[in-house]
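Below is one structure; the comments refer to it alone.
The values are calculated or read from the model by the stated rules, or taken from the named source; none is laboratory data. Keep in mind that what you see is a predicted model, and the values were worked out from it rather than measured. Cβ: placed from backbone, ideal geometry, glycine included. Neighbour counts: every protein chain shown.
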């Protein structure tokens, strides 16, 4: 019998909601990826094991032909040098994938991105559905070699279109036609997990990145546009690895199934996590946080601390607020810090909420720095 120790969510106490995103439990980091295979090297009672290199897996009992080892090679080959990889196991062929994912989560709650190796379309759909409501937040990354994703004639079967139609925000699909790398997305995961170091000015995107160990696919411009879209059109929000020009091997475009960029999902998850932990630490360390203006100001201050971190990172930046009005912030106002934290007036709080010892609602408005991925240049010449 396997005993699982569950870590309870912080959201009943500190509930941070970022619109367009799901609920989350707090975690320590966002730079650990998980690959799930069927090898018997990792025992059932352990379920997930952490490795710091692909060679360490060989010492542990994996062989060079193991799908887990091949995926780990791609993961650790990333130019950003990811430090750790979690490897999980699906115990039996008839074990429900949801049960596998829940068991891997219970065994280790710190992985953020995951991939189930050798996934068929039915597996992809199951993993994607689970991931939309996973706690803590996660993203699912998968590879498909199905050519139906490449043009309109295959739309009825396309896994990219199927997940796009579901408007899934937490699934990242990558086409790879090379049979030598059936789990090519492990290279993309490795880049992302290695790049996420949390240093000043260190924000990144997945657009146009190189994936060592993965061969580029020979695709037409119309096929790439059908999968990824372009500056002028929308595709099915899949991703491809192609050669641009004579020398640029690049991942295009870095989209989740709903069209959100991968980095936006990552950094919003991180921001909410940091806000949650900062506020929970405040409640935990204080003998009492008074239900007064001073108490509310203490909460706002620690939220400000979290937001400043993402200004330094390069995810939030000063700019014009084009969102809806929010308390004292009006559409068109300029945010000199890139963010503004406000609360509803304490003296307007209902007695019922005071009796429940609730803080008044607090609103965090952030202007994202965004990213430039398409450029149009006009050159005017006069003879």
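Remarks
- Residues in segment 223-240 that are assigned to a strand (DSSP E or B), out of contact with any helix residue (DSSP H, G or I) (no Cβ under 6 Å at 6 or more places or on another chain) and either surrounded by 24 or more Cβ atoms within 10 Å (Cβ to Cβ) or modelled with pLDDT of 95 or more (or both): 239 only.
- Failed item in (1) surrounded by 14 or more Cβ atoms within 10 Å (Cβ to Cβ); (2) in contact with a helix residue (DSSP H, G or I) (Cβ under 7 Å, 6 or more places away or on another chain), with residue 70 passing the rest: (2)
- Residues of segment 252-278 satisfying the condition of being on the phi < 0 side of the Ramachandran plot and either in a loop (DSSP other than H, G, I, E, B) or in contact with a helix residue (DSSP H, G or I) (Cβ under 6 Å, 6 or more places away or on another chain) (or both): 252, 253, 256, 257, 258, 260, 271, 274, 275, 278
- Number of the exception - residue 246 against (1) farther than 26 Å from residue 193 by Cα; (2) modelled with pLDDT of 95 or more: (2)
- Test: residue in segment 185-204 that is part of a helix (DSSP H, G or I), surrounded by fewer than 23 Cβ atoms within 10 Å (Cβ to Cβ) and on the phi < 0 side of the Ramachandran plot: yes
- Whichever residue in segment 241-259 is under 17 Å from the mean Cα position of the chain (by Cα) and buried (at least 20 other Cβ atoms within 10 Å of the Cβ) and, among such residues, is nearest to residue 167 (Cα to Cα): 257
- Scanning segment 305-332 for residues that are surrounded by fewer than 16 Cβ atoms within 10 Å (Cβ to Cβ) and either in contact (Cβ under 8 Å) with a residue 12 or more places away in the chain or closer than 18 Å to residue 271 by Cβ (or both) yields a total of 11.
- Single residue of segment 27-51 satisfying the filter (closer than 13 Å to residue 66 by Cβ and assigned to a loop (DSSP other than H, G, I, E, B)) that is nearest to the chain's Cα centre (by Cα): 38
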